[in-house]
Structure formats: structure tokens, C-alpha cells
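Heads up, the thing below is written out as C-alpha cells.
Values in this text are rule-based calculations from the coordinates and carry no lab data. This one's a predicted model, so the numbers in the text were calculated from it and none came from an experiment. A quick note on method: Cβ atoms are made from the backbone with ideal geometry, for glycine too, and the neighbour counts reach across all protein chains shown.
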Amino acid sequence: MACLATRMMIKIDALPAFSDNYIWLLQDLAQRRCAVVDPGDAAPVLAWLGSHPDWQLSDILITHHHPDHVGGIRPLKAATGARVLGPAQEKIPARDLALRESDEVEVLGQRLRVIEVPGHTLGHIAYYQAEQHWLFCGDTLFAAGCGRLFEGSPAQMHDSLSRLAALPGQTRVYCTHEYTLSNLRFAQAVEPDNLQITQRLQEVSAWRAEGRISLPSSLALECATNPFLRSTEEAVIAKIDEHDGAQKRSPSEVFARLRAWKDNF
């Protein structure tokens, strides 16, 4: 499991689920309370709680409605009575609090701001903690990639990613899938001369060979190596022109061509 201790009070661990999902587990070390983000499977969370019998699950945070993010909600709520928070514009099982753009919620004493990020799904939200620089972004922004467009348009996803990219560079990116290695291989195809991508690919390859996870990332690293945040870069535009034919494209149109290329990469 990967972890981050914050001010010696909040610890964040990744609980693996399915083949490549991560359920983020936030732990208040002083109060022995915890919260989880996107528990698609209740089993890893219940196993953790079983090995920590004096801890209480207080909150379940949901970013979007896909089964691998919501499947564990009902068993966890039945077992613990935890509050369920999720996007107002999507059908979330057992939801107690429906959240919209700019809403603020307190979880484990931490103030989280809601950012609506449609694209992967129409009602997708992210949770941002400004003081600690945490971003729980579900399947919108991945390490070196972004989510597929199942419901939204390329323009919507480009706008959502641009809003996230505008957050401080030190922001820690807690996405929910271990896709980093395959994403970096695509990033290298887009920008073969980007030395930061090459270095990151080597680093993540070594981590994965050792069984280490590649998360969390940072927004500064994403802005330097994630092609989906780099649609205004000349090298990215030139590669799209080479791949799809030269023409004048807006940044969102460059993004759309990148996403279409990645879908078949």
C-alpha cells in the first residue's frame, strides 16, 4: 500500500481492488476515524476495518456512478452507518449528501471543495483540499492520462482537465486506477523528445517491477508529462498534425484527437 502522512494526523493509504483500482483510505490518527473514496468493492475496506477494530468508518466519498466506484457502498453503509457523499447529478446508491460545484464538506476535520468535472461521466465530481493540496479526481485525471469519454464531449473533458491543471503544482493527484505505465507509453509516442516523460517512464517501470504503485502524482508532474494537459504545446500539436493531417485546431480539438488516438493506441 502507498501512504502519505500529513501533519502527523491524516494518513492516506491505497487499498487495491479488482485488477487495477485503488480505494483511497483517509485515516484520522488522533480520533481513529477513517473515510474512503470510491469503494467499488467493500471487501478491502471491511478487511482493513476488521484488522483495526477500534476504528470507525465515518464517510464514503464518491466521484461518479460507475460500478467499480460505487459497488461497495451499500455493504459498507450497512456495516458501519457511514455517511455517503456523491455527485448530485448522478444516481449514487444510499447517498446522504448530494454535492454540486463549489460545495464544501468537512470530512475527518478537513474541508473539501467540490469541483464538477464532466467528461468521463456527465456528473463526475472531484474533491479538493486546498490547505493539504489533495485532489481526489476519480477517473477524470489519471497519472499521465485521462478517462475515456463515456458520456461527455471532448470539449467538456478538456475544460474539466484545464480547471484541474490550474490548481497549485504541489497538489497531490489521487486518481483511482493503476494506468500510469500504459499512459506513459502513449505520452512518449506523442512527445518522444520530452526527457521528463522518458525519465518518468523509466522510474514507473522500475516501481511496477518491484510491485510498487505509481500514485499519488502531482499536478506539476502532470503538466510536464501528461499529453492531455499539454494540448497547447507546439510538440504535441505537431505530432497531432503528423498523425491526423495538418490543420488549424483549437486546444480542445487537439485534445479530442489525442483522446481518439489513445483509444486505439
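In table form, for the structure just shown:
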read-out	value
Dipole of region 3-263 [Lys/Arg +1, Asp/Glu -1 at C-beta], most positive-end residue of ALA235, LEU195, TYR127	TYR127
Cβ-based exposure ranking for HIS177, HIS64, in which fewest neighbours within 10 Å come first	HIS177, HIS64
Dipole magnitude of region 208-264 about its Cα centre (Cβ charges: Lys, Arg +1; Asp, Glu -1), debye to nearest 20	140
Eligible lysines near LYS77 by straight Cα distance, threshold 27 Å, same-chain separation 8 or greater	LYS11, LYS91
ARG111 paired with ARG212, simple spin-label distance in nm, labels 7 Å along Cα-to-beta-carbon	3.5
Under-5 Å amide H pairs with PHE142, H placed in peptide plane, nonlocal only	GLY147
Region 3-263: antiparallel DSSP beta bridges as a percent of all, rounded to 5	70
Cut-off under 5 Å, modelled amide H: who pairs with GLN56 long-range	ARG33, CYS34
Residues of type lysines that LYS262 reaches as a straight line, Cα spacing below 28 Å, ignoring anything fewer than 8 places off in the same chain	LYS239, LYS248
Rel. contact order, % - alpha carbon contacts under 8 angstrom, at least six apart, the chain	13
Region 146-162 - phi-based ³J(HN,Hα) in whole Hz, Karplus 6.51/-1.76/1.60, Gly and Pro as x	8, x, 5, 8, 7, 10, x, 9, x, 5, 5, 5, 4, 5, 4, 5, 5
Net dipole in debye of region 10-85 [+1 Lys, Arg Cβ; -1 Asp, Glu Cβ; about Cα centre; nearest 20]	280
Simple Cβ-charge dipole of the chain, Lys/Arg +1 and Asp/Glu -1, about Cα centre, in debye nearest 20	340
Residue order, fewest to most surrounding Cβ atoms within 10 angstrom, among LEU108, LEU57	LEU108, LEU57
Taking HIS52, HIS120, HIS133 and counting other C-beta atoms within 10 Å, the order from fewest to most	HIS52, HIS133, HIS120
